[in-house]
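J.: Pasting a structure below so you can have a look.
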Amino acid sequence: QSALTQPRSVSGSPGQSVTISCTGTSSDVGAYNSVSWYQQHPGKAPKFMIYDVTKRPSGVPDRFSGSRSGNTASLTISGLQAEDEADYYCCSYAGSHILVFGGGTKVTVL
Amino acid sequence: EVQLVESGGGLVQPGGSLRLSCAASGFTFSSYWMHWVRQAPGKGLVWVSRVDSDGITTSYADSVKGRFTISRDNAKNTLYLQLNSLRAEDTAVYYCAKRGAPNEYYFDSWGQGTLVTVSS
């Protein structure tokens, strides 16, 4: 049950795009179509942003998108806005009804 | 509207016990698997445990296996987490989270969390 690997921080100017990587193994990220992403503002509960690698729930802006290549999933925020400044966490199913999170990435809007 | 409200957190000494509760409303509680996720101060999210919709099967992270017990009372629409043999490293905000859909592994709703502090 090792944590997935995310960069500690990424930054971009308003309107730019940023991509957050989430690296796992062939036993979690690479094995199942069950990668999800969560946004967390300081002092708040996490908010559900992406599920099943690429699907976006209703209400989440379409500037948020998910993808995967091999054992690495990614979250891209296009057209960065001030309110996107937050911590972002990936999460993957790892088999046997176990889930594993990434360490989190702080997104800073310059 | 889905609502999840945790309670039961507080200050406890190392080796002590605590029971957390999560009151659910706005959805058919008995139809969904439920999870606990925790977050140590200034740290990331960590999955802790899950229980199936009937309360029969459970799973735990290695770090809490044998010390924590997840359960639910579908008649009361309430999820529980019994924390025993607590350690300083169990200090965290504990969130309950609802499974998104059958056979899916994501959380579509979260509570606001309850803080557990393990200290002498």
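J.: May I ask for the net charge around A:Phe64, where only other residues with Cβ less than 9 Å from the Cβ of A:Phe64 are counted and Lys, Arg are +1 while Asp, Glu are -1?
T.: Summing Lys and Arg as +1 and Asp and Glu as -1 gives 0.
J.: Taking 0.36 nm per intervening residue step and subtracting the Cα-Cα distance, what contour gain separates B:Asn77 from B:Arg19 on full extension?
T.: Result for the pair: 19.3 nm of gain on full extension.
J.: Let me ask something additional. For chain A, what is the largest minus smallest coordinate of the Cα atoms on each principal axis, given in angstrom and ordered from greatest to least?
T.: That works out to 40, 25, 25 Å along the principal axes.
J.: Pop out the ³J(HN,Hα) list for segment A:100-110 in order, Karplus 6.51 cos²θ - 1.76 cosθ + 1.60 with θ = phi - 60°, rounded to Hz; leave Gly and Pro as x.
T.: Result, ordered by residue: 9, 9, x, x, x, 10, 8, 9, 10, 9, 5 Hz.
J.: Related question: Can you tally the net charge around A:Ser92? Count Lys and Arg as +1, Asp and Glu as -1, for every other residue whose Cβ sits under 13 Å from the Cβ of A:Ser92.
T.: My count for the surroundings of A:Ser92 gives -2.
J.: Right, here's the next one. Compute the distance from the alpha-carbon center of segment A:18-79 to that of segment B:55-120, in whole Å.
T.: After rounding, the separation between the Cα centres reads 23 Å.
J.: Now a separate question. Where the convex hull is taken over the Cα atoms of chain B, what is its projected area averaged over directions, in nm²?
T.: 6.9 nm²
J.: Just grab the label-to-label distance for A:Thr25 and A:Lys106, each label 7 Å out from Cα along the Cβ direction, in nm (one decimal).
T.: Once both label points are built, they end up 2.9 nm from each other.
Values quoted throughout were computed directly from the atomic coordinates according to the rules given, and no laboratory measurement underlies them. On a predicted model such as this, the values are computed, not experimentally measured, just so you know. Cβ coordinates were reconstructed from backbone atoms using ideal geometry, including for glycine residues, and neighbour counts include every protein chain displayed.
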